[in-house]
Amino acid sequence: SSDLAGLRRSLIEKGRRCVQWFGGGKEMAARYLAVFREALSYGVALEPSIYGVHEDGWAGERLAIVYGSGEEPRTLRVTVAVPALVPAEAVTVRIVSASAEESGIHQIQRGETVTIEHRLPGAAGTVELLCSPSFQPSAIGGGDDTRHLVCQLPAVEIAGPGGQTASLKAHAHVM
């Protein structure tokens, strides 16, 4: 414990010297921010991916779709299916994005399949899908499946300006 206290004091002292070397805390933060902004200006080469989908295509309450930079206009197309076995009469899917483009809130009735479109910016980013309400198959006679599920995603793709599409199904990161 005395070794830990000595290490702590040493690190604090080194941190103080570093801040002084930069000319103060504000100057140090400004320089770090400049480095981050420069790194972001290089663009990001991300492979489009979807997080939060199970192997069988079922999705829970929160999904994240990641995409790289690309030529505009681009459109994210998410096909959402609400099978007849879902206990809720309707499912709500809310699209949340850092871009100014909003797709709003979508109500999908039990037994329906709907494709939601969301415009993507040229810069890389993420889109979140917030889905509700969830249910547990085990609670409605679905065996021992205790996952919290909401809907199925038969297709997720990004359509580019020339009409070409990239399917995210092949890049799903399962839970």
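The values are calculated or read from the model by the stated rules, or taken from the named source; none is laboratory data. A quick note: this is a predicted structure, and the numbers were derived from the prediction, not measured. Note that we place each Cβ from the backbone using ideal geometry, even for glycine, and neighbour counts take in every protein chain shown. Note: areas computed on protein heavy atoms with side chains; ligands, DNA, RNA excluded. Shrake-Rupley method; radii C 1.70, N 1.55, O 1.52, S 1.80 Å.
Counting only protein heavy atoms, what percent of the accessible surface of segment 103-165 is carbon or sulfur at a 1.4 Å probe?
Summing carbon and sulfur atoms, their accessible area is 47 percent of the total for segment 103-165.
A 1.4 Å probe run over the protein chains yields, for segment 58-175, 49 Å² of accessible area per residue, whole-number rounding.
With 0.36 nm allotted per residue and the present C-alpha distance subtracted, the D56-R147 stretch has 31.6 nm of extension available.
Backbone amide hydrogens, once placed in the peptide plane, bring A155 within less than 5 Å of T79, excluding anything fewer than 5 places away on its chain. Report the local net charge at V150: Lys and Arg +1, Asp and Glu -1, summed over other residues whose C-beta lies under 12 Å from its C-beta. Local charge sum for V150: +3.
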